[in-house]
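The values are calculated or read from the model by the stated rules, or taken from the named source; none is laboratory data. Since the model is a prediction, treat every value here as computed from it, not as a measurement. Here the Cβ is made from the backbone with ideal geometry for all residues, glycine too, and neighbour counts use every protein chain on show. What goes into the accessible areas is simple: the full protein's heavy atoms, side chains included, and nothing from ligands, DNA or RNA. Shrake-Rupley method; radii C 1.70, N 1.55, O 1.52, S 1.80 Å.
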Amino acid sequence: MAANNRRMSGKKGAQVGSGGQRRKGLEGRGPTPPAEMRKGHKKNRIANAKAKQAVRRPVARGRGGKSASELVVGRNPVVEALREGVPASTLYVQQFIDNDERVREALQLAGERGGINLMEAPRPELDRMTNGLNHQGLVLQVPPYEYAHPEDLTEAAYDEGEDPLIVALDGVTDPRNLGAVVRSVSAFGGHGVLVPERRSAGMTAGAWKTSAGTAARTPVARATNLTRALEAYKKAGITVVGLAADGEVALGDLEALSGPVAIVVGSEGKGLSRLVGETCDFRVRIPMPGGAESLNAGVAAGIVLYEAARRRS
């Protein structure tokens, strides 16, 4: 019996008469956590679901929002885009493709630039990606463009100690015209281009190519409403100048170009829209002794930007 008691006394655990309490068991566990942190609680499940959604849906870094990604399709367009420095994230190459000179150049340019993923894909997959377009075995993915906010253009100018020089486009739908304007703004020391969110050209691969690389250093801002953005510029002390064939002021007589100014260029066919035209402080005409009725947006913007740069020098 005594041996049996010795064996029982050697067992670990609570002894009879101790109440089964240990020191740690008497310690408090702290305040009750909020419902969002209590596993199994309804609010905890909701919080977890919101966190997962935030991971799946990345937030655009540009205050003006992002465009959709774009595909450049075909051997010649892909090679030209890579030559001109159009931003790209992935080059898709068809499996068992005929390795001609353009394919070799595309692979070489993508490799030299770096940062472009090379993906081999079967023809049916490329057909699906391009909705049946004649891709010729090469597809280049252009990432979404991050637009600036209209205020970013003025802030950049003031940060450099300069008066803002901005070009706004009203109803210009050809990406090549947008690229040409971006190139002129860069050449004459402007601070950016403003486009409306709707019914306007965006920074596509075509716009990048026409800009000849200047889009990498000249911001393009996007406004939900162009008229309101121009009114905000006016309140900030910026003169808004609209180009019109029947403008009341000749370009050479416009003194406002030497100060903070936003130059608004309309479409070649329709010109400025009514609301935008009414918002402008001045409607300016470019004298054309040759008798041409109008100029395209890129040429018109270049002429006015040159005049502004001349007055500021």
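Keeping every protein chain present and rolling a 1.4 Å probe, give me the accessible area per residue for the stretch 112-251 in Å². Don't skip to the end; give the middle numbers.
Values: 6460 Å² over 140 residues.
Ligands and nucleic acids excluded, the figure is 46 Å² per residue.
Which aspartates and glutamates have a Cα less than 16 Å from the Cα of Lys270, not counting those fewer than 8 places away in the same chain?
Those aspartates and glutamates meeting the cut-off are Asp170, Asp174, Asp246, Glu278, Glu293.
Taking the Cα-to-Cβ direction at Ala212 and at Glu231 and moving 7 Å from each Cα, how far apart do the two end points lie in nm?
3.9
Give, as a single signed number, the net charge of other residues whose beta carbon lies under 10 Å from the beta carbon of Gly247, with Lys and Arg counted +1 and Asp and Glu -1. Don't skip to the end; give the middle numbers.
Numbers: positive: Arg283, Arg285; negative: Asp246, Glu248.
Around Gly247, the surrounding residues sum to 0.
If I model a spin label at Arg311 and Gln108 as a point 7 Å from the Cα along the Cα→Cβ vector, what separation in nanometres do I get?
For Arg311 paired with Gln108, the spin-label model returns 4.9 nm.
First measure r as the distance between the Cβ atoms of Met119 and Glu197, then evaluate 1/(1 + (r/R0)^6) with R0 = 22 Å and state the FRET efficiency to the nearest 0.05.
Values: r = 32 Å, r/R0 = 1.45.
So the FRET efficiency works out to roughly 0.10.
Rounded to the nearest 10 Å², what accessible area does Asp174 show when all protein chains are kept and the probe is 1.4 Å?
Its accessible surface works out to 50 Å², give or take rounding.
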